[in-house]
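Worksheet for the structure shown next.
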Amino acid sequence: MRLLNRRPTRPAGILLAALPFVAVLIAYWIGSEIRLAANPQDKLLPAPATILNTAGGLFTEPNKRTGEILLWADTWASLRRLALGVGIGALISLTVGVGIGLLPYVRRGLSSFVAVLSMVPPLALLPILFIVFGLGETSKVVLIVIGITPFLTRDLSQRVLDIPHEEIVKAQTLGASTWVIALRVVLPQILPRLIAGIRLSLGSAWLFLIAAEAVAAEVGLGYRIFLVRRYLAMDIILTYVIWITLLAFLIDFALKTLSRKAFPWLGGGL
């Protein structure tokens, strides 16, 4: 049997999925042991036990000055900004993407503009956003919107263009208006693609969020990481990095589950 036709059993699949994570943990543990053996005061690679103790304190111990648990406050602030940015970006992308893909006049007017806009590095606009919108929440949300909207828009517009033209013609033959075609023919076919696009853009959205929080914020996961870096508090930094990764994974898993439940006809996926 050819290698490409072989499928792992369920236990083997779980083992194969776990191997990279185990390898990273072992590599970190070995590196930490080597550095701590050479210098017990080394802060670059704290021992796993130190990270676990730090994580326990971050998740449960309130701040002595404010009385709130900082990690949860940072998490709520960052997730609120992320949800607003991704939600607004997805709504704009859906509207403009359908317009570009379905309406020739809109395609002529906006397709080139969106293509050029997608080439602008969003982080280069961060100082401008702070000048225009100030250092508050708006600039952080706008950065996420600017960062992901062009990509999503181009992806969705291409998906609309890929819809067989016969479906559009048949709907018109049956008397459907442009509005009805957009809602009944186009929208059901591109909503799964929108969810997939959001999943792919989450990494970029987190990057823009953390960058904005690092520059100007008083609370947030990115703000806390850059605040403690001056003290070389790697146990706190690594805890926050692991927590951000877990949050990103849970959001991605939730979107994947939503897509599978809402559109079961899609079959398998990432």
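The values are calculated or read from the model by the stated rules, or taken from the named source; none is laboratory data. No experiment lies behind these values; they were computed from the predicted model shown. In this analysis, Cβ positions are derived from the backbone assuming ideal geometry, glycine residues included, and neighbour counts consider all displayed protein chains. Calculation scope for accessible area: heavy atoms of the full protein, side chains included, ligands and nucleic acids excluded. Shrake-Rupley method; radii C 1.70, N 1.55, O 1.52, S 1.80 Å.
Put a dot 7 Å past each Cα toward the Cβ at V169 and R108; how far apart are the dots in nm?
Going by the 7 Å Cα→Cβ label model, 2.2 nm.
What is the gain in length, in nm to one decimal, between E218 and R10 on full extension, counting 0.36 nm per residue of separation less the C-alpha to C-alpha distance? Each step should come with its number before you reach the end.
Working: separation 208, 0.36 × 208 = 74.88 nm, distance 4.61 nm.
Between E218 and R10, full extension yields an extra 70.3 nm.
What full-extension length gain, to one decimal in nm, is calculated for S204 and L52 as 0.36 nm per residue of separation minus the Cα-Cα distance?
Additional length available on full extension: 51.9 nm.
Enumerate the whole-percent occupancy of each 5 Å bin, from 0 to the last occupied one, for all C-alpha pair distances of segment 92-209.
2, 11, 20, 19, 17, 12, 9, 5, 3, 2, 0
Taking just the alpha carbons, could you work out the radius of gyration and Dmax for the chain, both in angstroms?
Values for the chain (Cα only, Rg and Dmax): 23.3, 79 Å.
Which whole-number percent gives the relative contact order of segment 116-236, counting Cα pairs below 8 Å spaced six or more residues apart?
28
Collect residues whose amide H, placed 1.01 Å from N in the peptide plane, falls under 5 Å from the amide H of G220; neighbours closer than 5 in sequence don't count.
D74
Out of the total accessible area of the chain (probe 1.4 Å, heavy atoms of protein only), what percent is carbon and sulfur?
70
On C-alpha positions alone, give me the angle between the axis of helix 137-162 and the longest principal axis of the chain, in degrees, nearest 10.
40
According to the Cα gyration tensor, what semi-axes, each the square root of 5 times an eigenvalue, does the equivalent ellipsoid of segment 1-50 have, listed from largest to smallest in whole Å?
37, 10, 6
Using the crude model of +1 on Lys and Arg Cβ and -1 on Asp and Glu Cβ, and no other charge, please compute the dipole size for the chain relative to its Cα centre, in debye to 20.
On the way: 25 positive and 14 negative charges, 136 e Å.
Roughly 660 debye, rounded to the nearest 20.
For helix 234-262, what angle does its Cα long axis make with the longest principal axis of the chain, in degrees from 0 to 90 and rounded to 10?
Value to nearest ten degrees: 30.
Of all alpha-carbon pairs in segment 1-88, indicate the percentage at a distance above 15 angstrom.
Within segment 1-88, distances greater than 15 Å cover 77 percent of Cα pairs.
Treating cross-link reach as a plain straight distance, find the aspartates and glutamates whose alpha-carbon is under 13 Å from the alpha-carbon of K43, omitting any fewer than eight places away in the same chain.
The qualifying aspartates and glutamates are E33, D235.
Over all directions, the average projected area of the alpha-carbon convex hull for segment 175-270 comes to how many nm²?
So the Cα hull casts an average projection of 8.7 nm².
How much accessible area does R230 have with a 1.4 Å probe, in Å² rounded to the nearest 10?
So the heavy atoms of R230 present about 150 Å² to solvent.
Per the Kirkwood formula on distinct C-alpha pairs, the Rh of segment 24-144 is how many angstrom?
Over segment 24-144, the inverse of the mean reciprocal pair distance is 19.1 Å.
Return one whole number: the accessible area per residue of the chain in Å², for a 1.4 Å probe.
Values: 16730 Å² over 270 residues.
Result: 62 Å² per residue.
If I model a spin label at R2 and A124 as a point 7 Å from the Cα along the Cα→Cβ vector, what separation in nanometres do I get?
The answer from the label model is 4.5 nm.
What angle, in degrees between 0 and 90 and rounded to the nearest 10, separates the Cα long axis of helix 187-215 from the longest principal axis of the Cα atoms of the chain?
So the inclination is approximately 40 degrees.
Roughly how much of S204 is accessible, in Å² to the nearest 10, using a 1.4 Å probe?
Ignoring ligands and nucleic acids, S204 comes out at about 50 Å².
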